[in-house]
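Since the structure comes first, as structure tokens, the remarks are kept for the end.
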Amino acid sequence: MRRSIFLMLSTTLAIALGLIFRPEFFDLVSLVLTLGGALAVTWLSYSQAHLIGLWYALRELCDGAVRLTADHTRELQRLSDLYRLQGIRGLENQERHVKDNDLKFAVGLLVDLLNEEKIRLCLEHRLAAFVAENESNREILATLGRLLPSMGLIGTLIGMVLLLGNLGTVDAKQLPAALGLAVLTTLYGAFFANVVVAPVAGRLQSAAMQKEVNLLLTKDWILLVARGDASALDNNNLRRLTTVGEGGAVKFHDWHPMRLAAQ
């Protein structure tokens with residue numbers, strides 16, 4: 001929450017300072033044409049459910065809700081110690097205090113006394129849904145990143161057409177300013193695609209990879225608990241899960257680098 005507020009305040013301050021010291025770089029019509037056009041086409045290209053999913057993912061990213069693997073492992077160790085001392089009743093009492101949604105879901109499956117195979121299937125389906133959702137988010141951001149320079153170029157062409165159409169009536173001293181105004185949309189498109197969308201997409205991919213690791217660790221840990229193998233829940237085995245997983249090498253989703261506009 002604090003990170004979101006800081007981001008909003010920093011953006012507002014940067015825009016205000018730019019308007020004060022460099023007003024020639026700001027034109028409302030060019031900004032609306034570039035940014036509004038790209039957002040409108042993106043909105044028409046994807047369903048409302050996909051766009052809402054991206055919004056929630058960005059909020060989670062700004063709030064820093066994705067836990068580091070070391071912190072997640074410590075939480076698993078705490079629950080393991082509790083399970084060895086109090087059994088399933090101890091996990092049931094701790095379920096409402098678990099902050100990680102995936103871990104809370106897994107503990108809930110165990111508390112509901114589902115067998116190992118059902119727990120495995122539920123968590124694998126959850127992982128598959130998570131991967132599909134993040135692929136959708138990446139695709140939306142990639143589309144927006146490609147549209148922004150394109151809309152900027154379209155805006156520049158529109159400005160050039162209007163400028164050339166009125167060339168006979170434009171004072172020669174005003175020609176550089178009019179030409180600069182025409183290319184502002186290209187500047188806006190390049191700026192938002194490479195300075196805003198590309199870093200956000202990179203952060204989102206990094207958070208997705210981190211969350212995938214945590215979810216795989218949660219799955220392997222809860223399966224050990226489900227088969228009652230309390231001896232396997234010591235520090236060494238949990239540390240080994242962070243590298244190889246419960247049944248061998250962990251198979252992560254193949255996250256391909258996201259490409260924005262062609263260079």
Q.
Checking the structure you have, find out if any residue of segment 112-120 is within 16 Å of Arg227 (Cα to Cα), assigned to a helix (DSSP H, G or I) and touching an Asp or Glu at 6+ places or on another chain (Cβ under 6 Å).
A. no
Q: Filter segment 139-191 down to the residues that are more than 39 Å from the chain's Cα centre (by Cα) and outside any helix (DSSP H, G or I), then identify the one that is modelled with the lowest pLDDT.
A: Val170
Q. What are the pairs, 6+ residues apart or on separate chains, where a residue within segment 121-146 that is closer than 23 Å to Trp43 by Cβ has its Cβ under 9 Å from a residue that is charged (D, E, K, R) and outside any helix (DSSP H, G or I)?
A. Ala142/Arg259; Gly145/Arg259; Arg146/Arg259
Q) Conditions: (1) in contact with a Gly (Cβ under 6 Å, 6 or more places away or on another chain); (2) surrounded by fewer than 15 Cβ atoms within 10 Å (Cβ to Cβ). Ala70 meets all but one. Number of the miss? A) (1)
Q.
Please verify whether Tyr56 is without any contact (Cβ under 8 Å) to a residue 24 or more places away in the chain and within 21 Å of the chain's Cα centre (by Cα), treating the condition exactly as stated.
A. yes
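Residue-by-condition table, conditions (1) among the aromatic types (Phe, Trp, Tyr); (2) touching a Ser or Thr at 6+ places or on another chain (Cβ under 8 Å); (3) closer than 30 Å to Ile158 by Cα; (4) in contact (Cβ under 8 Å) with a residue 60 or more places away in the chain:
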{"site": "Val29", "(1), (2), (3), (4)": "no, no, yes, no"}
{"site": "Ala40", "(1), (2), (3), (4)": "no, no, yes, no"}
{"site": "Asp63", "(1), (2), (3), (4)": "no, yes, no, yes"}
{"site": "Leu82", "(1), (2), (3), (4)": "no, no, no, no"}
{"site": "Arg89", "(1), (2), (3), (4)": "no, no, no, no"}
{"site": "Asn101", "(1), (2), (3), (4)": "no, no, no, no"}
{"site": "Val107", "(1), (2), (3), (4)": "no, no, no, yes"}
Q: Working only within segment 44-67, note down all residues that are surrounded by 13 or more Cβ atoms within 10 Å (Cβ to Cβ) and more than 23 Å from Phe130 (Cβ to Cβ).
A: none
Q.
Given the criteria out of contact with any Cys (no Cβ under 9 Å at 6 or more places or on another chain), part of a helix (DSSP H, G or I) and surrounded by 13 or more Cβ atoms within 10 Å (Cβ to Cβ), does Arg96 qualify?
A. no
Q. Restricting attention to segment 50-81, which residues are among the charged types (D, E, K, R) and either in contact with a helix residue (DSSP H, G or I) (Cβ under 6 Å, 6 or more places away or on another chain) or within 25 Å of Ser136 (Cβ to Cβ) (or both)?
A. Arg59, Glu60, Asp63, Arg67
Q: Return the only residue of Val131, Val107 being more than 19 Å from Arg74 (Cα to Cα) and part of a helix (DSSP H, G or I).
A: Val131
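The values are calculated or read from the model by the stated rules, or taken from the named source; none is laboratory data. Just so we're clear, the structure is a prediction, and the values are computed from it rather than from any experiment. Cβ atoms come from the backbone with ideal geometry, glycine included; neighbour counts cover every protein chain shown.
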